[in-house]
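Notes for the one structure printed next.
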Amino acid sequence: MASLRSQLERLESLRGSFGAPAAREKLELLVDLERRSLGRAADVGRLHEALCFSRAWPDNPKVLKIVNRMLKNFSARDDLNRFAGALENSGIAGTDIRFRFYRVTAEWLAERCGDALHIDWNEFEAADRLTRTLESLALFSERGALQQFIYDAPDWIDRMRAGDETDAAFLVRRFASAEVNGALSDSAYDELEVPFHLSASATTPTRTQEYLRPRSIQYQRRNIGRKAVDLRKAANRRIRFETVNHRQAGRLVDLARSAMVARSRDLDAFAYASTDDVMRAHCRNGIQILLIGMLPEKRYLLECEYGYLMLRNGVVVGYGTGTGLFGSCQIAFNLFPTFRGAETTELYAAVLATFHKLFDADTFSVDAYQIGADNEEAIDSGAWWFYARMGFRPRDKEALQLADSELRKAEKKGYRSSKATLRKLAEYPLYFSLGRKRQDVLPMVCTDTLSLGVLDYVSKRFGSQREEGARRCSMELAAALGVDLTDESTDEWTAGEQLMWHRLSPVIAAIANVAEWPQKERDALVGVIRAKGGVYERDYLKLFDKHKRLRRAVVAFAVDAAERA
């Protein structure tokens, strides 16, 4: 067994080594590890990660063939079955997952693998509250029974569900029903914090089978080394965007959701994905960025956000979001642990180049959480240095002085920033500019404070009559822009376009008297509002940023609201 473990350790040590000799040795090790059983759960997990890495960075067709075969059959390994309990929540095929999924994610799982999805009653701290909530989930004719008879939530659900659905499937489907949505919001579900147990099955999302077969493989011929990336040059790399049909889009969204489920995570951009707004960005070195837009009703008020998956040779290696406005983009970048240290800067450069072209952004930022604010994992990994070495800097004067001091100290061999220093640096966002340094960028202009200004405006005009106020703002905006909301032409607007007109009317009313704008700019504003609820949110962003008067008005209002906050 010790010898077998040493073989595994040798395979891991060859992770960054490539070339003919390394490939031959890897192949020999894999052949032996495929037919033998490991003696520890941790070693089974290590072998799995080594295989995932080799699939993303394959040496040659022979190595890739055995890697694919071992991953395909991983759940059938004797050692995996022996240690499946210890590997729970690993996302490895053949293991269970326990997590408090979003309602929409749980609903998706109920449709995909409903037989395997159950409520984890032992971990359900709000089960008593659910018992009371069930009354609202029942038909009116059933509520008397729930009020009169005393049963616990598991018993009521067992009584109410159909024989072929699990307790979890019943619960999420009741929350999702059209009739219930009028009485209960997602917040009511969120407050329950329902814990789920997703047992291993043929349809359960796993990291093991997380693969999108590419048209061609980028084989690794040379050792992987840590090399700097010039983001200015990288931003101008050629990126080929590919639109996908609706069927392909559905598969890509499923891949993104599966990637989150298998890692016990959830992301709004994937949970509320729009299969009408999905595309691929083809970068160099076998890297693809899958871009996924959101449903109109789940979009931000002003910002435009796309979720993304990073793939190398068809293997999902990370994910994140790009949030754009004002010709700037805030990027959240998450590389999965298995793939860290291998071309990380190259992957980040591909993401930045993609959003540079998608959003026409010249300024990029990293929020404080990504570099360590309330995020000890980022502190431990030295995330601040990852961005600093690529040229990101804080804008705050005190933080910039501290950053410059750390950069000078780092010139001495062996210097490492203390965790206390990294926590202090992590209090401030980082920025990187391809053009001139501007102040009207995210997050220096905070749209949350703009919302506060809108709240003050609505409060002053309408007080408790907010719905009536929103209706009046909508009518006033229509009059100012020459739009007849009763005309047949507006009947052709999509539900998303109508929704955004209603949502943005109070914002426009608060920030400017648009009736005084030139006709050309008023017509353009109609286009901006409709595009916000259109199919492709990226179209809205380009129209918004192109509308200089609107952009200036929004920035000025947000800055003023921040000063009064």
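The values are calculated or read from the model by the stated rules, or taken from the named source; none is laboratory data. Quick caveat, the model's predicted, so the values are computed rather than measured. Every residue, glycine among them, receives a Cβ derived from its backbone with ideal geometry; neighbour counts consider all protein chains shown. To get the accessible areas, we keep the full protein, side chains included, count just its heavy atoms, and leave off ligands, DNA and RNA. Shrake-Rupley method; radii C 1.70, N 1.55, O 1.52, S 1.80 Å.
Structure values in brief
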| quantity | calculated |
| --- | --- |
| Near pairs, Cβ below 9 angstrom, 6+ apart or cross-chain, from segment 125-142 (β-branched (Val, Ile, Thr)) to any residue that is surrounded by 14 or more Cβ atoms within 10 Å (Cβ to Cβ) and assigned to a helix (DSSP H, G or I) | Thr131/Leu146; Thr131/Ala153; Thr131/Trp156; Thr133/Ala153; Thr133/Ala188; Thr133/Tyr189; Thr133/Leu192 |
| Pairs where the first residue, in segment 540-565, is in contact (Cβ under 8 Å) with a residue 40 or more places away in the chain and among the aromatic types (Phe, Trp, Tyr) and the second is buried (at least 20 other Cβ atoms within 10 Å of the Cβ) and not in a helix (DSSP H, G or I), C-beta under 7 Å, 6+ apart | Tyr540/Cys304; Tyr540/Gly534 |
| Set Ala50, Ala84, Ala56: member being touching a residue at least 60 places away in the same chain (Cβ under 8 Å), of a type outside the set (Phe, Trp, Tyr) and over 19 Å from Ile97 (Cα atoms) | Ala56 |
| Flag if Gln401 is touching a strand residue (DSSP E or B) at 6+ places or on another chain (Cβ under 7 Å), modelled with pLDDT of 95 or more and part of a helix (DSSP H, G or I) | no |
| Single residue of Arg221, Arg257, Arg263 found to be part of a loop (DSSP other than H, G, I, E, B), in contact (Cβ under 8 Å) with a residue 12 or more places away in the chain, of a type outside the set (Val, Ile, Thr) and under 30 Å from Phe196 (Cβ atoms) | Arg263 |
| Qualifying position, being within 14 Å of the chain's Cα centre (by Cα) and not aromatic (Phe, Trp, Tyr), among Arg247, Arg251, Arg284, Arg299 | Arg299 |
| Candidates Leu212, Leu184, filtered to the one that is modelled with pLDDT of 85 or more and in contact with a Leu (Cβ under 9 Å, 6 or more places away or on another chain) | Leu212 |
| Filtered residues of segment 372-394 (kept if assigned to a helix (DSSP H, G or I) and open to solvent by 20 Å² or more (accessible area, probe 1.4 Å)) | Glu376, Glu377, Asp380, Ser381, Trp385, Phe386, Arg389 |
| Whichever residue in segment 235-254 is in contact with a strand residue (DSSP E or B) (Cβ under 6 Å, 6 or more places away or on another chain), over 22 Å from Val104 (Cβ atoms) and not hydrophobic (A, V, I, L, M, F, W, C) and, among such residues, is modelled with the lowest pLDDT | Thr243 |
| Check on Glu111, open to solvent by 20 Å² or more (accessible area, probe 1.4 Å) and assigned to a loop (DSSP other than H, G, I, E, B) | no |
| Hits in segment 336-363 (condition: of a type outside the set (Ser, Thr, Tyr), open to solvent by less than 10 Å² (accessible area, probe 1.4 Å) and over 19 Å from Arg238 (Cβ atoms)) | Phe336, Phe339, Ala342 |
| Residue under evaluation Arg69, criteria (1) in contact (Cβ under 8 Å) with a residue 24 or more places away in the chain; (2) touching a Leu at 6+ places or on another chain (Cβ under 7 Å), criterion not met | (2) |
| Test: Tyr211 is farther than 18 Å from Glu111 by Cα, among the aromatic types (Phe, Trp, Tyr), open to solvent by 30 Å² or more (accessible area, probe 1.4 Å) and touching a residue at least 60 places away in the same chain (Cβ under 8 Å) | yes |
| Only one of Thr243, Thr203 that is open to solvent by 80 Å² or more (accessible area, probe 1.4 Å) and of a type in the set (Ser, Thr, Tyr) | Thr243 |
| Number of the exception - Leu499 against (1) out of contact with any Gly (no Cβ under 8 Å at 6 or more places or on another chain); (2) open to solvent by 20 Å² or more (accessible area, probe 1.4 Å); (3) in contact (Cβ under 8 Å) with a residue 24 or more places away in the chain | (1) |
| Which numbered condition Tyr272 fails, given (1) farther than 30 Å from Ser13 by Cα; (2) in contact with a Leu (Cβ under 6 Å, 6 or more places away or on another chain); (3) open to solvent by less than 30 Å² (accessible area, probe 1.4 Å) | (3) |
| From Val507, Val535, residue being in a loop (DSSP other than H, G, I, E, B) and out of contact with any Ser or Thr (no Cβ under 7 Å at 6 or more places or on another chain) | Val535 |
| Counted residues, segment 510-532 - those being in a helix (DSSP H, G or I) and more than 21 Å from Ser474 (Cβ to Cβ) | 1 |
| Hits in segment 26-47 (condition: more than 21 Å from Arg207 (Cβ to Cβ) and open to solvent by 60 Å² or more (accessible area, probe 1.4 Å)) | Glu28, Val31, Arg35, Arg36 |
| Test: residue in segment 353-370 that is hydrophobic (A, V, I, L, M, F, W, C), touching a Leu at 6+ places or on another chain (Cβ under 9 Å) and assigned to a loop (DSSP other than H, G, I, E, B) | yes |
| Qualifying positions in segment 514-559 - within 25 Å of the chain's Cα centre (by Cα) and acidic (Asp, Glu) | Glu537, Asp539, Asp545 |
| Any chance Tyr428 is more than 16 Å from Gly327 (Cα to Cα), open to solvent by 70 Å² or more (accessible area, probe 1.4 Å) and among the aromatic types (Phe, Trp, Tyr) | no |
| Residue match in segment 463-471 (condition: within 33 Å of the chain's Cα centre (by Cα), acidic (Asp, Glu), open to solvent by less than 60 Å² (accessible area, probe 1.4 Å) and on the phi < 0 side of the Ramachandran plot) | no |
| Residue check for Asp484: acidic (Asp, Glu) and outside any helix (DSSP H, G or I) | yes |
